[in-house]
Structures are given as structure tokens and as C-alpha cells.
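Here's the structure we're looking at; comments come further down.
Just so you know, all these numbers are worked out from the coordinates, no wet-lab data involved. Computed from a prediction, not measured in an experiment: that's the story for all the values here. We place every Cβ from the backbone using ideal geometry, glycine too, and count neighbours over all the protein chains shown.
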Amino acid sequence: MLFMTVLYFLITLKWRKDFKNSVPLTKKQAIYFIISMILLYLVKGSPIDLLAHIMFTYHMVQMSILLIIMTPLLMLSIPNWLWEAFLKLPVIKPIFLFFTKPILAVVLFNVLFSFYHIPFIFDTIKMSETLHGGYTMLLFIFALFMWWPLLNSLPDQTQLSGIKRVGYLFASAILLTPACGILIFAGKPLYETYSNGAVWLQAMTLCVPTDTLAGLNLSGPELFSTLPVTEDQQLGAIIMKLVQEVIYGFVLARIFYAWFKKDQKEAEEFTQRAMMEQHPQPTE
């Protein structure tokens, strides 16, 4: 994260003039980037990462921050001229053009997220460092693709108009609902990595050395939580859905505000034209 921060400011400040059509970094973009790095540290470098292996609630906190809050902030922190340079790299542009098609982007992200939370798949991924890291990166990439039609302002990239943005957000919210709903209304624990002591200990080796775990003489995650496993599972799903609804609600508010400003501007221009037609300037 420190490397990413240094690299970002070197590119956007010191090396900016080496890029075509570059403009100075705005204060808002810099703030967005710093916030996104703080959030990345919270989910991957702070105790939340360890807690996510102990309680499902923290796993969902981690997922919601990474995919729904941090990803759009990181995207907004990157100037258009830097996106343009990145998209000119071999293979990158056709990949973006294909995977950021609105219907494909929103469906694939939600399918991958739901697939991850199928119990057998989830337990398998949680017990492999390679699979866990790889699938988390895959979800992040497809979260970026999912947010792209809403946030990008590049002329040759997929963009959505106002009403289509609203429909896109509603579609994304609906597509995530089944996965969260199953977890909320499940009457029993679904994941061995949070309910079976032996499987949980195996999954914990991803973030805690084996000899340390052996010395602690732990039997399962219940020692670290006052919540029953089923309620922990339900709370995690509720948090994920609530975070999505809050962030999407904020984005919708921004969309409607932009509509209001646009309509207000058009009304003022129409009024000015009408007044000019009724009271034309005298000609000499």
C-alpha cells in the first residue's frame, strides 16, 4: 500500500508531463486516493483481515468495504489521462470494452460474488491462500468492471445516461439480494470454516502460524464471539446488503441532483432565449 501510494503521487505529480493530455491532479482526486488506501489497509492490513477468518460478519464487512466503497473511490482518484494511458496498453482496451458492457458487467460481478458464497466453494477457497488471494483479486477486478459504466467519463468507453444509471443500480441491488437472502433466512450454519472447529483451524493457518495456533489450544471460533454461528452468518449478510443499499442510495442521490442541475440550467437558457426573442437588441 505504501508502494502504491508513492507510485501514484510520482505518476500524477512528478512524471505527469510524460503523459499525453495530462492535467494537474485535483485535490479531490488526491483525497479519494488517500481514503481508498486507508480503506484497503483496514480490510487487508488491520485486524479486520484476521477477524474475517474468525467471524462471518467481519468477512462481509471486509467484502463490502473492498468492493462497494473502496473500488469506486479508487477509480475516481485516477485522472482520465492516466486511464487513457492504461487503456492503451496491449490487451487492456479490448478487455475493458468487453467486460464493461453494462449488462455483462453487472451480471458477472454478482454471479461471481454469489458463486463465492456457495458453501462448498467458500470453504474450499477459505482453506487455500492461493485461491483466497486469487478470488479476492478477481472479485475486485469485476467490481471495477461493474462500477465502470457508472463512473468513467472517457469518450470512447461505455457510459450510461441518467435513467439507465438508475436501472443499472436497481439491477445490481436485485441481483445481490438472493445471495444475501439465503444467508439471512438460513436456519443453520452453512460454512464449515465458521462452524466446524477442525476446518476453522485449518483455515486460520492462512493468517496465523500453525505453531502459534497449536500453542493457543483453540477448539473453534466460538471462543472469540458471543454470537451463535447462525446469527453471525445472518448479521454478515445484513451488513453487506445494508452497505450496498446506502452506497447505491448515495449514488442515486447524486444522479438525481445532476438531473436537477441539468434541468435547471436548460430552463434558464430557455428563459434567456425567450426574453431575447421578445426583446431583441436594437440594430444600428
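By the Stokes-Einstein formula, at 0.890 mPa s and 25 °C, the chain with its Kirkwood radius over alpha-carbon pairs has D equal to 114 µm²/s.
Shown for the chain are the DSSP H helices of 24 Å or more along their axis, judged by Cα atoms, with a mean Kyte-Doolittle hydropathy of at least -0.5: 27-44, 129-151, 162-185, 229-278. Shape class of the stretch 73-194 from the Cα gyration tensor (axes a ≥ b ≥ c, square roots of the eigenvalues): oblate, since a/c reaches 1.5 or more and a/b does not exceed b/c. Residues of the stretch 107-128 falling in the label zone of Thr205, defined by backbone nitrogen less than 13 Å from a point 7 Å along Cα to beta-carbon, are 127-128. Sequence neighbours fewer than 8 away in the same chain don't count; with that in mind, list the lysines whose C-alpha is under 25 Å from Lys93. Cα-Cα hits under 25 Å: Lys17, Lys20, Lys101, Lys164.
The distance linking the stretch 1-21 with the stretch 72-101 is 16 Å (Cα centroid to Cα centroid, whole angstrom).
Near Asp18, within a Cβ-to-Cβ distance under 15 Å, what is the net charge of the other residues, with Lys and Arg +1 and Asp and Glu -1? That works out to +4.
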